[in-house]
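Inspection log for the structure reproduced underneath, given as structure tokens.
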Amino acid sequence: MRKVEILDLQFQDANETIGAFLVESSEGLILIETGPESTFSMLKHKVAALGYQISDIRHVLLTHIHFDHAGAAWKLAKGGAQIYVHPVGSPHLASPERLWNSASLIYGKENMEKLWGRMEPISQHAITEAAHGESFVFGDVVFTAWHTPGHASHHIAWEFEGGLFAGDVGGVKICGGPVVPPCPPPDIHLEAWAASLGLIRKIAPSRLFLTHFGVVDEVGSHLSELELSIDSWAKWMKNEFDKGATVDDTTPRFMEFTRSQMNILRISEDVQSLYEYANPSWMSVAGLMRYWKLKAQGRL
Ligand SMILES: [Zn+2]
């Protein structure tokens, strides 16, 4: 596999929470993930440190349109890059108002700009929708898009020379800590997630690139650990849901639950807080509670 540069975007001044990846091709630079717009100057800085300019980036592959993965895509498009995205995500990049407003409900209007920066529309001709199994040839490199729902309905895992850019469907693993599933509302779908992990096993990459955060070489055991932790979080949340608990009531209990698991594994307080930056507990409570609610209503 040719060299993949990992760019730490130092979200909220923390290391190893949000990453982006850079690959050189005979057709210019390819960026996988952009991070939020709030870390765009850090992205520029990291690209410059490698001896390139941001305008050298010709193609941007997004795993999905959540702000921590795609929030700066519009800036790269303004600079002339082509943006590759799932067909379900594409209209939200062209007119981001709905995406912005629904995220404001989750994060609070007053926190949006500080966390994510700004978002502007991307013109239609700068967006390419990637079909399931579609390959894109950029000079001497090839990327293949695999639709992998479960975390988000608009999720793609990008296969590249035996590696896989796994976005969030491949879980979160920071500084050698445990593998955990990011479960924000509104798209969590456990059956779809399990099927996506089955597909990843079939693709059988030798290496995963996680946006949160870095490289995983033991792919089989990583996926098994993720499956177990999805199962454990989902069952724990089902129990809360069955009791009629609210998101607000459940969040501190869930934080205690995950903290006790981290403590058993002797994960330091510092690393535990990085997990919280990359994958806030309250968001996973909201996402999984919503999943169980829709399930109970027969809407999934
Ligand atoms: Zn996400």
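The values are calculated or read from the model by the stated rules, or taken from the named source; none is laboratory data. All values reported here derive from a predicted model rather than from experimental measurement. All Cβ positions, even for glycine, are placed from backbone atoms using ideal geometry, and neighbour counts span all protein chains on display. Accessible surface is based on the protein model in full, side chains and every heavy atom, while ligands, DNA and RNA are left aside. Shrake-Rupley method; radii C 1.70, N 1.55, O 1.52, S 1.80 Å.
Being closer than 30 Å to S268 by Cβ, open to solvent by 10 Å² or more (accessible area, probe 1.4 Å), within 16 Å of the ligand (Cβ to nearest atom) and outside any helix (DSSP H, G or I) is true for just one of P185, P149, P178. Which residue is that?
Checking each option against the conditions leaves just P185.
Could you tell me which numbered condition L99 fails, if it satisfies all but one of (1) open to solvent by 20 Å² or more (accessible area, probe 1.4 Å); (2) free of Cβ contacts under 8 Å to residues at least 40 places away in the same chain; (3) farther than 21 Å from L274 by Cβ; (4) more than 14 Å from the ligand (Cβ to nearest atom)?
All conditions are met except number (4).
Name the residue that is farthest from the ligand (Cβ to nearest atom), counting only residues in region 188-215 that are out of contact with any Phe, Trp or Tyr (no Cβ under 9 Å at 6 or more places or on another chain) and closer than 15 Å to E225 by Cβ.
Of everything passing the filter in region 188-215, R201 is farthest from the ligand (Cβ to nearest atom).
Please verify whether region 74-88 includes one or more residues that are within 13 Å of the ligand (Cβ to nearest atom) and either free of Cβ contacts under 8 Å to residues at least 60 places away in the same chain or in contact with a Lys or Arg (Cβ under 6 Å, 6 or more places away or on another chain) (or both).
Among the residues of region 74-88, not one is within 13 Å of the ligand (Cβ to nearest atom) and either free of Cβ contacts under 8 Å to residues at least 60 places away in the same chain or in contact with a Lys or Arg (Cβ under 6 Å, 6 or more places away or on another chain) (or both), which makes the answer no.
List every residue pair whose Cβ atoms sit under 9 Å apart, with the two residues 6 or more apart in sequence or on different chains, where the first one lies in region 213-233 and is of a type in the set (S, T, Y) and the second, anywhere, is assigned to a loop (DSSP other than H, G, I, E, B) and open to solvent by 10 Å² or more (accessible area, probe 1.4 Å).
S229/P178
Go over the candidates E161, E225 one by one and state the one that is open to solvent by 10 Å² or more (accessible area, probe 1.4 Å), more than 14 Å from the ligand (Cβ to nearest atom), acidic (D, E) and on the phi > 0 side of the Ramachandran plot.
Exactly one of E161, E225 is open to solvent by 10 Å² or more (accessible area, probe 1.4 Å), more than 14 Å from the ligand (Cβ to nearest atom), acidic (D, E) and on the phi > 0 side of the Ramachandran plot, namely E161.
For region 228-276, give me the residue count where each residue is of a type in the set (A, V, I, L, M) and open to solvent by less than 70 Å² (accessible area, probe 1.4 Å).
The number of residues fulfilling the criteria is 9.
Rundown of residues vs (1) of a type in the set (G, A, S); (2) buried (at least 17 other Cβ atoms within 10 Å of the Cβ); (3) closer than 13 Å to H66 by Cα, yes/no style:
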position: I83; (1), (2), (3): no, yes, no
position: P87; (1), (2), (3): no, no, no
position: A94; (1), (2), (3): yes, no, no
position: A103; (1), (2), (3): yes, yes, yes
position: G108; (1), (2), (3): yes, no, no
position: E120; (1), (2), (3): no, no, no
position: S123; (1), (2), (3): yes, no, no
position: A126; (1), (2), (3): yes, yes, no
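Among the numbered criteria (1) small (G, A, S); (2) closer than 15 Å to T63 by Cβ; (3) part of a loop (DSSP other than H, G, I, E, B), which one does G133 miss?
It fails just one condition, (2).
Six or more apart or on different chains, Cβ under 9 Å: which pairs go from a residue in region 11-35 that's on the phi < 0 side of the Ramachandran plot and surrounded by fewer than 22 Cβ atoms within 10 Å (Cβ to Cβ) to one that's part of a strand (DSSP E or B) and of a type in the set (K, R)? Could you list them?
That search, which allows pairs on different chains as well, returns S25/R58; E27/R58.
Looking at region 258-286, which of its residues are touching a residue at least 40 places away in the same chain (Cβ under 8 Å) and part of a loop (DSSP other than H, G, I, E, B)?
Answer for region 258-286, where residues must be touching a residue at least 40 places away in the same chain (Cβ under 8 Å) and part of a loop (DSSP other than H, G, I, E, B): L265, I267, N279.
Do you know which residues across region 263-283 are within 17 Å of G171 (Cα to Cα) and in contact with a Pro (Cβ under 7 Å, 6 or more places away or on another chain)?
Scanning region 263-283 gives N279, M283.
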